[in-house]
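Report on the following structure.
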Amino acid sequence: MVHAERAALIEDLTRLGDEQWDTPSLCEGWTVHDVVAHLINTAKTTRVSFVTTFIRARFDFHRQNASGVERERGATPAETLNRLRQVVSRTSTPPAPLDTRLVEEVLHGEDIRRPLGITHTYAPEAVIRSLQLQARTPASFGGAKELVSGLRLTATDADLTIGEGAEASGPALALLLAISGRRVALDELSGPGVVRLAV
């Protein structure tokens, strides 16, 4: 699923003009070009390299990510796209659950596509597994466990309910985006729990 999503993103990126790579993504402070560079970096990350770069970043995830973007961003969009092609079938992973690779591809795929007006149909299993992982992962590790505590997330396009409490319902992809801090998806959700996700 990870490899399929990487290949699909490459297909979408090949249609972009160079100026579109400078479009602000849904990741605050990052352009589309930056997010693609981040995806290259995470695809190349191994357990050993993660620990090494984390130490060099003085145990700061944001600094570690910024360094990875700087390292993998090419001088031109074409160079960066070529680098993404080179890692499309890699199976390396940091010391984290394997489903974090799905979260990277689905969530960052939307970070890139939505500002550009590109729609993509993800494998339902990829979205569901990403949503489940984000909901149980602490914020300190990039998840939303604390945010969704006391909420009932109900996917309207899948047989999936997570948690108990005030309900927030909608497509699984919109729920994933919303609990991951992407406010652009809030309009696709309904229920009293949506207010909590809007903070």
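Taking every pair of alpha-carbon atoms in the range 2-116, what share in percent sits in each 10 Å bin, from 0 to the bin with the longest distance?
Calculated over all Cα pairs of the range 2-116, the distribution is 14, 50, 31, 5 percent.
Test of understanding: extend the Cα→C-beta vector of A198 to 7 Å, then name every residue of the range 165-180 with backbone N under 14 Å from that spot.
168-169
Could you order the peptides 33-40, 129-136, 65-72, 172-179 from most to least packed, using the average number of other C-beta atoms within 10 Å per residue? Display every interim value, and only then the final one.
Details: 33-40: 24.2, 129-136: 21.5, 65-72: 16.9, 172-179: 26.5.
In decreasing order of mean packing, 33-40, 129-136, 65-72, 172-179 become 172-179, 33-40, 129-136, 65-72.
Rg(Cα) of the range 50-199 divided by 2.2 N^0.38 Å?
Values: Rg = 16.6 Å, N = 150, 2.2 N^0.38 = 14.8 Å.
Taking the Cα Rg and dividing by 2.2 N^0.38 Å, one obtains 1.12.
Per the Kirkwood treatment, what hydrodynamic radius in Å, one decimal, follows for the range 124-197 from the mean inverse distance over all distinct Cα pairs?
Working: mean 1/r = 0.0858 Å⁻¹.
Radius from the Kirkwood sum: 11.7 Å.
Counting Lys and Arg as +1 and Asp and Glu as -1, what is the net charge of the other residues whose Cβ lies under 12 Å from the Cβ of P97? Don't skip to the answer; put the middle values down first.
On the way: positive: R101, R129, R136; negative: D99, E104.
With Lys, Arg at +1 and Asp, Glu at -1, the neighbours total +1.
Need one number: nm distance between label points at T46 and A7, each 7 Å from Cα along Cα→Cβ, rounded to one decimal.
2.5 nm
Each reported figure results from applying straightforward, stated rules to the coordinates on display, with no laboratory input. Remember, predicted model here, so these are calculated numbers, not experimental data. So basically every Cβ, Gly included, is an ideal-geometry build from the backbone, and we count neighbours across all protein chains shown.
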